Amino acid sequence: MIEGGTPLEGEIFLHGAKNSALPILAAALLCDGETVLENCPRLTDVFAACRILTHLGCRCVMREHCVTVDVQTLKSHTVPETLMQEMRSSIIFLGAVLGRTGSCRVSYPGGCELGPRPIDMHLEALRKMGVHFSVCGGQLDCTVPSGLHGARIHLPFPSVGATENVLLTAVLASGRTVLHNAAREPEIVDLASFLRSCGARISGDGEGTIIIEGVKKLTGSHYTIMPDRIAGITYLGAAAITGGTVCLRNVHAKPLENVLPALEQTGCRLYPEPDRLHLLAPRRLRAVSSIRTMPHPGFPTDAQAIFMAMLSVADGVSVIEENIFENRYRHVDALVKMGAKIHVSGRIAVVTGVRTLSGAAVAATDLRGGAAMVLAGLGAQGKTEVRQLAHLDRGYEAMETVLQGIGAHIYRTETDE
Ligand code: UD1
């Protein structure tokens with residue numbers, strides 16, 4: 001429940017990145033000895049990853065924001081369908097289980113709220129490294145009859161998940177893997193940095209070509225997960241849409257470089273300091289002529305819905321082009337219900353800014369779409385009710401408490417769903 005219209009003001013300590021924590025938790029499977037991960041966000045997707053590790057037989061304990069994983073008691077190579085469905089990105093366990101045990105069984109991931117979620121690029125890449133696949137009754141059986149070996153791989157598109165699966169499979173494979181057209185997202189660099197801290201030999205992460213020299217074994221390390229750049233953008237957006245001011249702490253400015261220019265175009269002033277970022281919003285945001293989501297270092301698709309909420313109340317007409325996911329405009333109907341003027345045609349959304357939105361009852365459609373609705377509610381006049389909070393809990397740790405801390409009138413009722 002949100003009572004909108006109050007400019008937000010204060011400091012926010014950013015939690016660790018979901019999209020780093022998930023592949024790094026999977027990567028812990030590859031390590032002998034204990035892995036200790038600090039700054040692990042307390043999110044339902046992270047809890048699901050921990051449950052997968054536990055199911056596989058690992059000891060996995062989360063205390064506050066620290067997760068300890070010990071693989072010594074590993075007993076299974078199967079991730080059951082119920083656990084696969086809890087978290088769409090569980091396909092990331094494929095490479096890690098294969099790298100560890102040489103075989104793996106997972107359920108075939110279905111579609112998701114962002115449209116079909118194919119894994120063809122993952123499978124094609126792993127095939128080149130010696131993995132055989134068979135599908136039976138919705139299960140994907142993976143075996144490695146003659147051992148995992150390095151390969152030259154060219155991804156047709158720089159898929160984040162496929163890049164992670166190649167990294168996880170290649171680090172313990174024999175020989176060298178060269179991955180062309182790899183994803184360059186900061187979370188890929190975080191995964192590679194963790195693997196290096198365990199003894200892996202990886203170079204080129206963050207660039208188009210990653211080279212992995214397989215090693216015989218990895219040893220668990222003590223590692224701190226990077227801050228969550230998308231949660232950071234969300235909270236900057238919350239301050240911006242209310243005409244407020246916020247200081248983000250525990251933030252790395254570099255991974256945000258692809259978004260900060262667009263924020264400045266809306267009229268927000270930004271003051272980066274080491275580990276901190278201040279935002280001062282104008283009384284009314286300005287439209288942004290063009291936002292095109294692209295693989296990193298382009299504008300992130302995960303920030304598209306957040307910006308759409310902000311641009312709904314900006315002065316002028318903004319044009320957004322979604323190029324990564326087919327079905328990533330499902331939040332539009334909720335924003336329109338709150339008074340936004342948005343016209344969608346295929347990949348393009350034209351947003352004509354209105355002076356104010358008005359509160360309404362809406363339901364989160366997906367993680368970032370739900371966040372956009374919360375932002376719209378914070379900027380709107382009157383009361384907004386956002387349902388289906390399970391989507392938000394996948395990626396934002398105690399979002400309502402964080403926002404209360406900067407003056408938002410927002411609370412969670414027990415009657416959700
Ligand atoms: C990751 C992020 C997600 C982000 C996305 C794009 C995690 C847990 N999730 O998702 O938040 O929005 O990157 O930055 O890190 N595709 C195929 N075949 C494949 C793989 C992907 O066609 O084998 C397509 C997808 O359908 C999508 C596009 O490629 O249209 C990008 O997907 P990908 O980069 O793989 O995203 P995820 O790893 O799923």
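From the list 131, 61, which one is closer than 21 Å to residue 31 by Cβ, buried (at least 17 other Cβ atoms within 10 Å of the Cβ), away from the ligand (no atom under 13 Å from the Cβ) and of a type outside the set (Gly, Ala, Ser)? 131 is the lone residue from the list that is closer than 21 Å to residue 31 by Cβ, buried (at least 17 other Cβ atoms within 10 Å of the Cβ), away from the ligand (no atom under 13 Å from the Cβ) and of a type outside the set (Gly, Ala, Ser).
Screening the candidates 71, 79 for the property of being open to solvent by less than 50 Å² (accessible area, probe 1.4 Å), in contact with a Phe, Trp or Tyr (Cβ under 6 Å, 6 or more places away or on another chain) and not charged (D, E, K, R) yields one hit, 79. If you filter segment 73-93 down to residues that are touching a residue at least 40 places away in the same chain (Cβ under 8 Å) and farther than 14 Å from residue 47 by Cβ, you find that the one that is farthest from the ligand (Cβ to nearest atom) is 74.
On the given criteria, is residue 99 away from the ligand (no atom under 16 Å from the Cβ), of a type outside the set (A, V, I, L, M) and free of Cβ contacts under 8 Å to residues at least 60 places away in the same chain? Here the answer is no, as residue 99 does not meet what is asked. When residues in segment 358-417 are screened for being of a type in the set (S, T, N, Q), open to solvent by 20 Å² or more (accessible area, probe 1.4 Å) and touching a residue at least 40 places away in the same chain (Cβ under 8 Å), 3 of them pass.
For segment 165-183, the candidate set comprises residues that are among the small types (Gly, Ala, Ser) and within 16 Å of the ligand (Cβ to nearest atom); within that set, the residue that is farthest from residue 127 (Cα to Cα) is 183.
Could you tell me whether segment 184-201 includes any residue that is assigned to a loop (DSSP other than H, G, I, E, B), within 13 Å of the ligand (Cβ to nearest atom) and in contact with a helix residue (DSSP H, G or I) (Cβ under 7 Å, 6 or more places away or on another chain)?
Going residue by residue through segment 184-201, those that are assigned to a loop (DSSP other than H, G, I, E, B) are 184-185, 198-200.
Retained after the next criterion (residues that are within 13 Å of the ligand (Cβ to nearest atom)): 184-185.
Filter once more, keeping what is in contact with a helix residue (DSSP H, G or I) (Cβ under 7 Å, 6 or more places away or on another chain): 185.
There is at least one residue in segment 184-201 that is assigned to a loop (DSSP other than H, G, I, E, B), within 13 Å of the ligand (Cβ to nearest atom) and in contact with a helix residue (DSSP H, G or I) (Cβ under 7 Å, 6 or more places away or on another chain).
Based on what the data block shows, is residue 73 modelled with pLDDT under 95, polar (S, T, N, Q) and under 21 Å from the mean Cα position of the chain (by Cα)? Considered against the rule, which asks whether it is modelled with pLDDT under 95, polar (S, T, N, Q) and under 21 Å from the mean Cα position of the chain (by Cα), residue 73 comes out as no.
Sort through 323, 327 and tell me the only one that's free of Cβ contacts under 8 Å to residues at least 40 places away in the same chain and either assigned to a loop (DSSP other than H, G, I, E, B) or surrounded by fewer than 22 Cβ atoms within 10 Å (Cβ to Cβ) (or both). Every option except 323 fails the conditions. Contact map, segment 167-183: residues that are at positive phi paired with residues that are small (Gly, Ala, Ser), Cβ distance under 8 Å, separation 6+ or inter-chain. Pairs shown: 175/150; 175/214; 181/208.
For residues that are in a loop (DSSP other than H, G, I, E, B), out of contact with any His (no Cβ under 8 Å at 6 or more places or on another chain) and more than 23 Å from residue 224 (Cβ to Cβ), tally how many sit in segment 159-183.
So the count comes out to 2.
The condition (being out of contact with any Pro (no Cβ under 9 Å at 6 or more places or on another chain) and open to solvent by 30 Å² or more (accessible area, probe 1.4 Å)) is satisfied by just one residue among 150, 138: 138.
Looking at segment 109-121, which of its residues are within 12 Å of the ligand (Cβ to nearest atom) and either modelled with pLDDT under 85 or closer than 20 Å to residue 150 by Cβ (or both)?
Those that are within 12 Å of the ligand (Cβ to nearest atom) and either modelled with pLDDT under 85 or closer than 20 Å to residue 150 by Cβ (or both): 109, 111, 112, 113, 114, 115, 116, 117, 121.
Tallying residues that are surrounded by fewer than 24 Cβ atoms within 10 Å (Cβ to Cβ) and under 20 Å from residue 128 (Cβ atoms) within segment 201-212 yields 7.
Residue-by-condition table, conditions (1) touching a residue at least 40 places away in the same chain (Cβ under 8 Å); (2) of a type in the set (A, V, I, L, M); (3) closer than 28 Å to residue 293 by Cβ:
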residue: 206; (1), (2), (3): no, no, yes
residue: 226; (1), (2), (3): yes, yes, yes
residue: 232; (1), (2), (3): yes, no, yes
residue: 237; (1), (2), (3): yes, no, yes
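Conditions (1) open to solvent by 50 Å² or more (accessible area, probe 1.4 Å); (2) more than 30 Å from residue 244 (Cα to Cα), marked per residue:
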position	(1), (2)
4	no, no
11	yes, no
19	yes, no
24	no, yes
30	no, yes
39	no, no
42	yes, no
48	no, yes
55	yes, yes
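Just so you know, in segment 294-320 the residues that are near the ligand (Cβ under 10 Å from one of its atoms) and not β-branched (Val, Ile, Thr) include one that is most open to solvent (accessible area, probe 1.4 Å), and it is 294.
The values are calculated or read from the model by the stated rules, or taken from the named source; none is laboratory data. Treat the numbers as computed from the prediction; the structure is a model and nothing was measured. No Cβ is skipped: glycine too gets one built from the backbone with ideal geometry, and neighbour counts run over all protein chains shown. Side chains included, ligands, DNA and RNA excluded: accessible areas come from the protein's heavy atoms. Shrake-Rupley method; radii C 1.70, N 1.55, O 1.52, S 1.80 Å.
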